[in-house]
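The values are calculated or read from the model by the stated rules, or taken from the named source; none is laboratory data. Please read all numbers here as calculations on a predicted model, not as lab measurements. Every residue, glycine among them, receives a Cβ derived from its backbone with ideal geometry; neighbour counts consider all protein chains shown.
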């Protein structure tokens, strides 16, 4: 986390949270000193110096307690699964990866798929930017679903076969899966349209596919539909939606040992990690 991102995250704590922690520490230290003073009353008479030292120490402890965290996690009450929220890059993490996709599974870099997007970085890092190789694996994985394929009328760039929103493919190997899930509709003007219903549908299908082919191994997911997809939902809402959907689905049937929701550092100005931590704690209860 950069210094700028760290400072922005710290500002989101708010004076109220720091103040609450300050008075907690101040009260605790005051109680301890009062108890000790019963036996060493004269030795603990520090006057104004001691008073301001007590305030300073309490404030320091409050700031340290409320400092931005790079990661935090909670264990579900049932089943034996963990949800983690972490700041970083999904491609630096161990475990299976979730990659968002559109309903035609376009892979061509450029106007259709931005190199800076998660999909673009996935193609560059694991397929050396050779979309033909990725296309071959996608087509193979789609064969059992070809009866659901529809013609993308009027689409002249990229692929022209549409699949239902929520279609999820499992590429890679048992040790390292890449779950491509269609959360958005690719318009003919090369923009992706999505909404909360689309995202929920794709997550539902995603959890089912992970149950079948994830073998319980850890799964890493970004905030899907947050960048180029026009959902109208802020990143905070999408992050909560992902967490909530996973917790509910996990309580129905085990999905994975750990789900890590990755927050890219550049998105920290849109995500309040402290509120997200509170939400995670309440969701996992």
Is it the case that some residue within segment 164-182 is in the same structural domain as residue 152 (by TED's automatic domain parsing), more than 19 Å from residue 137 (Cβ to Cβ), crowded, with 18+ Cβ neighbours inside 10 Å and over 15 Å from the mean Cα position of the chain (by Cα)? yes
What pairs come out if I take residues in segment 16-28 that are surrounded by 14 or more Cβ atoms within 10 Å (Cβ to Cβ) and pair them with residues that are not in a helix (DSSP H, G or I) whose C-beta lies under 8 Å away, six or more apart or interchain? 17/66; 18/66; 21/66
Looking at segment 157-175 only, could you name the residues that are at pLDDT 95 or above and in a loop (DSSP other than H, G, I, E, B)? 163, 164, 165, 166, 167
Mind listing whichever residues of segment 224-238 are within 22 Å of residue 210 (Cα to Cα) and in contact with a helix residue (DSSP H, G or I) (Cβ under 6 Å, 6 or more places away or on another chain)? 225, 226
With out of contact with any strand residue (DSSP E or B) (no Cβ under 9 Å at 6 or more places or on another chain) and either modelled with pLDDT of 75 or more or not in a helix (DSSP H, G or I) (or both) as the only criterion, which of 33, 28 stands out? 28
For residue 83, are the conditions met, namely being modelled with pLDDT of 90 or more and farther than 30 Å from residue 136 by Cβ? yes
